[in-house]
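Let me begin by presenting the structure, written as structure tokens, before commenting on it.
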Amino acid sequence: MTTVFQDRAITDDERRRRLYDGDLFVYSPLAASLKLVELARSMIEDAFGGKDPETAQFHYPVEEYAAILSRLKPAFIHHPDCKKLLPEILVSLGCDPEAVHFDVPRMRSSTSHGYLTTGIAYAFHPHRDTWYSAPMCQINWWLPIYELDAANGLVFYPRYHREPVRNDSHVYDYQNWNRTSRFSAGQHIGKDTRKQPHPRQALDLTNEIVIVPPVGGLVVFSAAQLHGSIANQSGRTRFSIDFRTVHAGDAEALQGARNIDSFCTGSAMYDYLRCADLGHLSDSILAQYEAGPPLKPADPSYSAREPEATAGDGEAAAIA
């Protein structure tokens, strides 16, 4: 059973344990998270030249809109204030700045009615981040930039936290993605041909949890949690921020969620920066993750890998 905790007073050690087990945490807006939202809003509104960002999609040809996002999103990722605000958020919620490492935040957008769902505004099918070379100890943090409703929130499928999903995550290598695919996102309009992991079985998505936090409120979940983007039919583009963390002690001890169906290669561990001083994880920790998630599937007799899948054919699984 998955439990959703709201503003739960708990140590970070206990929170991580519960997250690895499949629970979800939701936090009210913090001073630092609202500053991050303010920064993001300022950049978004400048990028769209005074148009309402949530309805700007109705005023641009899709190619021009994609070009705006292609400039906006990297500028946000690399803004120096982000590396100051994320440690403030994490320390405010009890993280140890000497042990917890974060990666730079991503700005996400989900346009309405299928206007742009590929490339720079990719609409994520049900997936685990651990299919994308994330370590099993990775924790995800997600917050909305503008007000949400249930039609454009974040959706989780808790049944599958302990149940393997047949997938083709073996097609994905993080270092190869960075070399060949990451920086071409703005070119994929209408169809996204980049190789990405997909479910390769029909999924029962009826037992879903949709979380709609307030602006600047945070949703925290394990990278192993199956989740995705709701097909936005709200008439307004959703803008959000997400970032990830790992705890050095957990990474070193290979602690985290169970790996039940991740077969990707490569490692995202080089991206993480220590909250205290922006230092990297130690070489000994990095070496453990070089080849991909080091924790093997819990039941070696079961393979969730789909060897017949065509790598990166762009087709999602049939949805039951």
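The values are calculated or read from the model by the stated rules, or taken from the named source; none is laboratory data. As the structure is a prediction and not an experimental result, all values here were calculated from the model. Cβ sites come from the backbone with ideal geometry, for glycine too, and all protein chains shown count toward neighbours.
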Inset, instruction - Would you point out the residue of segment 10-36, among those that are surrounded by fewer than 16 Cβ atoms within 10 Å (Cβ to Cβ) and among the small types (Gly, Ala, Ser), that is nearest to the chain's Cα centre (by Cα)? - result: SER28
Inset, instruction - Scan segment 6-21 for residues that are in contact with a helix residue (DSSP H, G or I) (Cβ under 9 Å, 6 or more places away or on another chain) and within 13 Å of VAL219 (Cα to Cα) and jot them down. - result: ARG8
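Would you be able to say whether some residue in segment 261-283 is small (Gly, Ala, Ser), modelled with pLDDT under 85, within 25 Å of VAL100 (Cα to Cα) and part of a loop (DSSP other than H, G, I, E, B)?
If we filter segment 261-283 for residues that are small (Gly, Ala, Ser), which is where we start, we get 262, 266-268, 276, 279, 282.
From what's left, modelled with pLDDT under 85: none.
Scanning segment 261-283 turns up no residue that is small (Gly, Ala, Ser), modelled with pLDDT under 85, within 25 Å of VAL100 (Cα to Cα) and part of a loop (DSSP other than H, G, I, E, B).
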Inset, instruction - Within segment 229-243, track down each residue that is within 14 Å of VAL155 (Cα to Cα) and of a type in the set (A, V, I, L, M, F, W, C). - result: ILE230, ALA231
Inset, instruction - From (1) surrounded by 13 or more Cβ atoms within 10 Å (Cβ to Cβ); (2) at positive phi, pick out the condition that doesn't hold for ASP7. - result: (1)
Legend entry - Residue count, segment 37-61 (criterion: in a loop (DSSP other than H, G, I, E, B) and either surrounded by fewer than 14 Cβ atoms within 10 Å (Cβ to Cβ) or not aromatic (Phe, Trp, Tyr) (or both)): 8
Legend entry - Filtered residue count, segment 213-228, keeping only those that are assigned to a loop (DSSP other than H, G, I, E, B) and either surrounded by 16 or more Cβ atoms within 10 Å (Cβ to Cβ) or in contact with a Phe, Trp or Tyr (Cβ under 7 Å, 6 or more places away or on another chain) (or both): 8
Legend entry - Residues within segment 59-73 that are of a type outside the set (Gly, Ala, Ser) and farther than 18 Å from GLY235 by Cα, tallied: 7
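Of everything in segment 199-212 that's closer than 13 Å to VAL155 by Cβ and surrounded by 15 or more Cβ atoms within 10 Å (Cβ to Cβ), which residue is modelled with the lowest pLDDT?
Here is the first cut: in segment 199-212, the residues closer than 13 Å to VAL155 by Cβ are 203, 205-212.
So of that shortlist, the ones also surrounded by 15 or more Cβ atoms within 10 Å (Cβ to Cβ) come out as 203, 205, 208-209, 211-212.
Numbers: LEU203: 92, LEU205: 86, GLU208: 92, ILE209: 92, ILE211: 92, VAL212: 92.
Only one residue fits best here, namely LEU205.
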Legend entry - All positions within segment 74-119 that are under 16 Å from ARG238 (Cβ atoms) and of a type in the set (A, V, I, L, M): MET107, LEU116
